[in-house]
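Okay, so here's the structure we're looking at.
Please treat every number below as a calculation from the coordinates, not as lab data. These figures come from a predicted structure and were not determined experimentally. So basically every Cβ, Gly included, is an ideal-geometry build from the backbone, and we count neighbours across all protein chains shown.
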Amino acid sequence: MNENDIAMTMQQRLADANIATVVYENQDANPERPFLFVQHVPVERVDNTLAGGQLISRGFMAVTAVIEEGAFASAAQEMLDEVSDLFPKGLRLTITGGVITIPRPVSMLAGFQDVADYRRVAQVFYDASAT
């Protein structure tokens, strides 16, 4: 189990849903609006066993809906509602050497202006466990 497998599996599920163009971290792109910008944010790696071997990686995938300035903000929220539907609490995704579990509902953060864009962020939290 590694962070790259976690990120790739979650991001592939999002891309396959075809909600909007998906732009990944460090990608040199200026796509047509609307689009989804995705970041993988590992938070901690723990193993609470004395002998080891029970690694749990926790973090979240940040998904930012980006729409043009001046458009109704509801378009960004609608895209994030679709993202939320893709990652319900309790969802389990298999990865090499482990499993990803979505431990809680997707968190929605407040929207904000960014130059000529409006952005709204959702956080898809995960716990990935080695098997």
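Can you tell me which of 62-71, 46-55 comes out highest on packing, and rank the rest after it, using the mean Cβ neighbours within 10 Å?
Details: 62-71: 17.9, 46-55: 9.6.
The packing order, highest mean first, is 62-71, 46-55.
Expressed as an acute angle from 0 to 90° and rounded to the nearest 10, what is the orientation of the C-alpha long axis of helix 74-86 relative to the principal long axis of the chain?
That helix lies at roughly 20 degrees to the long axis.
Picking from 43, 83, 99, which is most flexible by a Gaussian network model of the chain using Cα springs under 10 Å?
Highest fluctuation among the options: 43.
Compute, for segment 3-130, the length of the dipole vector about the Cα centre, with Cβ point charges of +1 (Lys, Arg) and -1 (Asp, Glu) only. Units Debye, rounded to 20. Present the calculation step by step, with values, prior to reporting the outcome.
Numbers: 9 positive and 17 negative charges, 99 e Å.
With Lys and Arg at +1 and Asp and Glu at -1, about 480 debye.
I need the Debye-formula profile for segment 58-116: one equal scatterer per C-alpha, no solvent, reported as log10 I(q)/I(0) at q = 0.13 1/Å, two decimals.
-0.44
Which value in Å does the Kirkwood hydrodynamic radius of the chain take, with 1/r averaged over all unlike C-alpha pairs and then inverted?
Details: mean 1/r = 0.0649 Å⁻¹.
After inverting the mean inverse Cα-Cα distance, the result is 15.4 Å.
Would you calculate a helix-derived [θ] at 222 nm for the chain, using -39,500 (n - 2.57) for each DSSP H run of n ≥ 4 and dividing by the full residue count, to the nearest 500? The partial results should precede the final answer.
Details: 2 runs with 27 residues, N = 131.
Helices in the chain give a 222 nm mean residue ellipticity of -6500 deg cm²/dmol.
Using Cβ counts within 10 Å as a stand-in for footprinting exposure, how do 131, 9, 21 rank, fewest first?
On the way: 131 10, 9 18, 21 15.
Taking fewest neighbouring Cβ atoms as first place, the list is 131, 21, 9.
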